[in-house]
1. About its Cα centre, what dipole magnitude does the range 59-111 give when the only charges are +1 on Lys and Arg Cβ and -1 on Asp and Glu Cβ, stated in debye to the nearest 20?
2. Order K139, K27, most accessible first, counting only protein heavy atoms with a 1.4 angstrom probe.
3. Only four residue types carry charge here, +1 at the Cβ of Lys and Arg and -1 at the Cβ of Asp and Glu. Report the dipole size of the range 1-116 about the Cα centre in Debye, rounded to the nearest 20.
4. Between the range 156-193 and the range 121-140, what is the C-alpha centre distance in whole Å?
5. For helix 17-26, what angle does its Cα long axis make with the longest principal axis of the chain, in degrees from 0 to 90 and rounded to 10?
6. Mind listing the phi-derived Karplus ³J(HN,Hα) values for the range 182-196, rounded to whole Hz, using 6.51, -1.76 and 1.60 with θ = phi - 60°, and x for any glycine or proline?
7. When only C-alpha pairs under 8 Å and at least 6 residues apart count, what is the relative contact order of the chain, in percent?
8. Cross-link partners among lysines for K136, C-alpha distance below 27 Å, same-chain residues fewer than 8 apart left out?
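The values are calculated or read from the model by the stated rules, or taken from the named source; none is laboratory data. These figures come from a predicted structure and were not determined experimentally. Counting neighbours? That spans all protein chains shown, and the Cβs are built from the backbone with ideal geometry, glycine included. Remember, those area values only see protein heavy atoms, side chains included, never the ligands or the DNA or RNA. Shrake-Rupley method; radii C 1.70, N 1.55, O 1.52, S 1.80 Å.
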Amino acid sequence: RRMGFLFYRGTAGLAGNLVYGLQSLIKTKPENGYTLSKIPYASFTKLESDFRYYFTFKNKGTLVSRIYTGVGIPYGNSKIMPFVEQFAAGGPQSMRGWNYRELGPGSADTSVTSLDLNTGDIQLEFNLEYRFNLTKLFKMALFTDLGNVWMMRADSTKPNAEFNIKRLGQDLAWSAGYGFRLDFGLFVIRLDYSYKLYNPNIEEGKR
């Protein structure tokens, strides 16, 4: 029989707000921001939402759809999100056509950079995967991924890196591929191959 179920996970994180609030009551904010034990600190809010729907067919194949959103908002003592708190796309758990931190931000041309450390304050991702059994142990999956990361504010060194709803269609990267799984019950060995179908971070006409 057919059956489906929903999965949702949401997280919210706050940093530096209490200390910033107390310090702002005591003294005027310095030009370079407040410090704690002479060390600058960050103040921000970070929100994440992960929504998935699993649908199992009569042949025991499973279709999994996923929508992930994340946003980090720096304020108070921070002008940008700390690097370790920024969002990154690519790798085995995200946009599988790209290496980790290789994709984005937005449609900024990063094809000329040598470091794959592209991060953002906003992330949006859509995934669709169909899983089916070849044998009881050996399984296969077909999948496609759509998404990217963006900066909250414009950066003159990276044109088109900031989020702009009018440019969303051309900013979304797209990849598709297939994978094999060895399912031992307690753990799964997974091997995926993904191909870039649309890459917004190279010059127009070659994307």
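1. In debye, rounded to 20, the range 59-111 gives about 240.
2. K27, K139
3. 680 debye
4. Spelled out, the Cα-based centre of one part sits 12 Å from the other.
5. 10 degrees
6. For the range 182-196, the Karplus curve yields 9, 9, 9, x, 6, 8, 10, 9, 10, 10, 10, 10, 10, 10, 6 Hz.
7. 17 percent
8. K58, K60
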